[in-house]
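Take a look at the structure set out below.
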Amino acid sequence: MLEIQRRLGEARHVVVFTGAGVSAESGIPTFRDALTGLWSRFDPAALATAEAFRADPALVWGWYEWRRAKVHAATPNAAHLAIAELARRVPVLTVISQNVDDLHERAGCRDVIHLHGSLHAPRCFACARPYDGVLDKVDAGDEGARIEPPRCRRCNGRIRPGVVWFGESLPEQPWRDALAAARDCDLLLSVGTSGLVMPAAQIPRVARQQGATVVHVNLDPQPVEGDDEFTLAGKAADILPRLLASPGR
Ligand code: OAD
């Protein structure tokens with residue numbers, strides 16, 4: 001911990017790369033944790049692909065609306081707040097998130113790079129125009145509700161969630177920005193991610209290849225190689241505030 005705090009104190013550009021685990025303490029389920037992860041209870045092929053949306057738009061839209069309601073009912077936790085605090089202390093900090101929630105922004109982080117899109121940016125499935133209507137209020141208890149998606153005002157196509165589905169490419173500009181930040185940083189904190197989903201999982205590796213220190217913060221200790229990679233095991237909401245406590249910044 002002391003050595004990581006020292007490096008954090010000297011860093012010029014810090015990247016914080018986050019996954020579902022950073023929002024776990026806010027009550028947002030992760031994907032791959034046994035029992036509690038979304039993919040242990042739901043079939044991604046039936047909910048997170050364009051084919052699934054074509055086959056049953058109300059099922060897919062209802063599932064994402066339920067997830068959006070859960071995020072709406074949640075608040076940022078100590079990990080999100082610590083990252084926002086770190087952004088005030090280091091010269092440059094870039095948050096790259098795989099999460100589709102807005103908890104980093106609500107904690108005070110700006111210009112968050114969302115690699116997998118956002119629950120809050122629906123767009124037309126047919127013409128891709130951003131949806132400018134008002135979404136109905138959905139209750140966080142409405143798991144499994146079927147909801148017809150609204151229609152696009154321009155082409156009458158169905159509105160789809162603004163997230164990246166399996167089989168789809170990452171949004172181009174965020175991906176370019178993320179790679180540039182990973183190449184430029186001198187320290188990268190990888191927080192609450194299984195690191196299994198490509199290409200996002202390349203980000204810590206790119207940073208490492210460029211000589212940055214990489215620190216994994218995860219419930220489970222992560223494998224590390226060499227003197228410039230560290231793992232801190234525990235809840236992000238416990239570890240990140242401790243990392244910010246003196247010494248260091
Ligand atoms: P995963 O569910 O794959 O991994 C969550 C990670 O967070 C695991 O390694 C857990 O050990 C860890 N974790 C859980 N609770 C934690 C806590 N309180 N503090 C610290 N760590 C904790 O989630 P992601 O890695 O984000 O893709 O998954 C990557 C992508 O797979 C997601 O963005 C999503 C999913 O399919 C899309 O939606 C495109």
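The values are calculated or read from the model by the stated rules, or taken from the named source; none is laboratory data. Because the structure is predicted, anything quoted here is derived from the model rather than measured. Quick reminder, even Gly has a Cβ in these numbers, built from the backbone with ideal geometry, and neighbours come from all protein chains shown. We work out accessible area using only protein heavy atoms, side chains counted, and drop any ligands, DNA or RNA first. Shrake-Rupley method; radii C 1.70, N 1.55, O 1.52, S 1.80 Å.
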Quiz item: Does segment 72-80 contain any residue that is of a type in the set (Gly, Ala, Ser), buried (at least 22 other Cβ atoms within 10 Å of the Cβ) and not assigned by TED's automatic domain parsing to the domain that holds Gly37?
Solution: yes
Practice problem: Select from segment 7-21 the residues that are touching a Leu at 6+ places or on another chain (Cβ under 8 Å) and under 20 Å from Val164 (Cα atoms) and write down the one among them that is farthest from the ligand (Cβ to nearest atom). | Solution: Phe17
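Hey, does segment 24-31 have a residue that's open to solvent by 60 Å² or more (accessible area, probe 1.4 Å) and either within 7 Å of the ligand (Cβ to nearest atom) or within 20 Å of the chain's Cα centre (by Cα) (or both)?
Going through segment 24-31, the residues open to solvent by 60 Å² or more (accessible area, probe 1.4 Å) turn out to be 25.
Subset that is either within 7 Å of the ligand (Cβ to nearest atom) or within 20 Å of the chain's Cα centre (by Cα) (or both): 25.
Looking for residues that are open to solvent by 60 Å² or more (accessible area, probe 1.4 Å) and either within 7 Å of the ligand (Cβ to nearest atom) or within 20 Å of the chain's Cα centre (by Cα) (or both), one finds at least one in segment 24-31, hence yes.
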Quiz item: Can you name the condition, by its number, that Asp132 falls short on among (1) assigned to a loop (DSSP other than H, G, I, E, B); (2) within 24 Å of Trp175 (Cβ to Cβ)?
Solution: (2)
Quiz item: If Thr49 satisfies every condition in (1) open to solvent by less than 10 Å² (accessible area, probe 1.4 Å); (2) within 12 Å of the ligand (Cβ to nearest atom) but one, which is the exception?
Solution: (1)
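Could you tell me how many of the residues in segment 105-134 are within 16 Å of Arg68 (Cβ to Cβ), of a type outside the set (Gly, Ala, Ser) and touching a residue at least 40 places away in the same chain (Cβ under 8 Å)? Spell out the reasoning first.
As a first pass, look at segment 105-134 and keep what is within 16 Å of Arg68 (Cβ to Cβ): 105-106, 114, 116-123, 130-131, 133-134.
After this cut, where a residue has to be of a type outside the set (Gly, Ala, Ser) as well, the list is 105-106, 114, 116, 119-120, 122-123, 130-131, 134.
When the remaining residues are screened for being touching a residue at least 40 places away in the same chain (Cβ under 8 Å), the result is 114, 116, 119-120, 122.
Looking only at that region, the number is 5.
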Exercise. Only residues that are β-branched (Val, Ile, Thr) and either surrounded by fewer than 24 Cβ atoms within 10 Å (Cβ to Cβ) or over 16 Å from the mean Cα position of the chain (by Cα) (or both): list them for segment 192-220, please.
Key: Val197, Val206, Thr213, Val214, Val215
Self-check item: Selection from segment 132-157 of residues that are buried (at least 19 other Cβ atoms within 10 Å of the Cβ) and either of a type in the set (S, T, N, Q) or modelled with pLDDT of 95 or more (or both)
Solution: Pro149, Cys152
Quiz item: Mind checking whether some residue in segment 135-157 is in contact with a Gly (Cβ under 8 Å, 6 or more places away or on another chain) and either within 21 Å of Arg110 (Cβ to Cβ) or within 14 Å of the ligand (Cβ to nearest atom) (or both)?
Solution: no
Quiz item: Looking at Glu225, Glu168, which is the one that is touching a residue at least 40 places away in the same chain (Cβ under 8 Å), surrounded by fewer than 17 Cβ atoms within 10 Å (Cβ to Cβ) and not polar (S, T, N, Q)?
Solution: Glu168
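Quick grid of which residues meet (1) at pLDDT 95 or above; (2) crowded, with 19+ Cβ neighbours inside 10 Å; (3) at positive phi:
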position: Ala11; (1), (2), (3): yes, yes, no
position: Val14; (1), (2), (3): yes, yes, no
position: Gly37; (1), (2), (3): no, no, no
position: Asp56; (1), (2), (3): yes, no, no
Quiz prompt | Which numbered condition Cys127 fails, given (1) modelled with pLDDT of 95 or more; (2) open to solvent by 50 Å² or more (accessible area, probe 1.4 Å) | solution = (2)
